[in-house]
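Rule-based calculations on the coordinates, nothing more; no lab input. Values in this document were obtained by computation on a predicted structure and should not be read as measured data. So basically every Cβ, Gly included, is an ideal-geometry build from the backbone, and we count neighbours across all protein chains shown.
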Amino acid sequence: MNTTHDAAGKTWIEPSFEPELVSVIVPTYNREVLLLETLQSVFEQTYRPIELIVVDDGSNDDTGKAVAKWGQGIPEDESFRFRYLLQENRGACAARNLGLLKSCGEFIEFLDSDDLLHPENLEALVSSIQSSPVNDLAYAKSGKFETVPDWSSPSVLSGRPCADGERIAAFSGQPLWLNGSAVYRRRLCAKVGGWNQEVLRCQDWEYNMRVLLADPGVTYVDQVLSLVRLHGDGRISDQYKDVAILRNMFEVTRNVETMLKEAGRFCPACEKEMSGRYLHICKNAIFLGDRPLAADVLHWSAPLRCSRIENIKRHFWRAMTYLPKSAGALAIRGYSCLFPAK
């Protein structure tokens, strides 16, 4: 896992902090239009004090100028601090790590540069953490939108309550929270370490699995406190159309499985959830014509226990790896008939 250094040569965040301050870290790349709405949602928080840190990952559009203009246009507020950092293009994880290095807050929130915060996001999450000294993490629901945000009746995308002993198993399959819907105490971020800069996709999944392995005190807020923007630029589904990204996802999933096993936390429920992730990667590898990747995924995941229906799917995709590429369309039609989308 690569480590981000700042200009002073410091390799990780200082344990000292400014009490009550929330550092909101926003990595961005070529988002000069959408980013401004995101930043405004941070400025309009009912909570103070806030430190907003935008880390530009080497944008080649006018992101820098747009951010500077926005910063000059917001009303003066002594309890709202704004910083813009520019780095060479090294990816979102490196940008988040740089933001962490430069942060001063007792609390940390990560926010993607096209998503929005509910005005009471920080107030609700920080209050939830502060309800007990053992709490190091508070999370809430995330909704989704395309063009116009609707806070009155948002469509829920992620976030549900989960018992202490069940979170790792649940998170093995699908994230319980997304960026923008969780606040971390600084001491937790210091303990977990940086974001893995070798991860291309599932970045927050890998990071938060390490967070959960640190056994933090976790609290849940039953509200939609962030909205994820759905748009053509980098749709989640697009990540399954690139073989290099699929291979990276396979590697990341294997690494997380190994990490859980080494920690003695790979329970039967984790096996079933991880088996589903592997099957999803395998299916998309077949669709893209990468039979060797599909075979590797099936071979690695074969020892994992899974449900009866997933075992049938395994046999189906294993058969597909022996067929010529020309059978790909047939495989897609056959799979769709056998396992129609819900």
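So what's the Cα pair-distance distribution over region 95-172, bin width 10 Å, in %?
Per 10 Å bin, starting at zero, the Cα-Cα P(r) for region 95-172 comes out as 13, 39, 39, 9 percent.
Using the Cβ atoms and a cut-off under 12 Å, what net charge is assigned to the surroundings of SER59, where Lys and Arg are +1 and Asp and Glu are -1?
Here the charged neighbours net out to -4.
Ordered by packing density, taken as the mean number of other Cβ atoms within 10 Å over each peptide's residues, highest first, how do 179-189, 136-146 rank?
179-189, 136-146
At q = 0.12, 0.16 Å⁻¹, what log₁₀ I(q)/I(0) does a Debye calculation on the Cα points of region 18-229 give, no solvent, two decimals?
-0.57, -1.07
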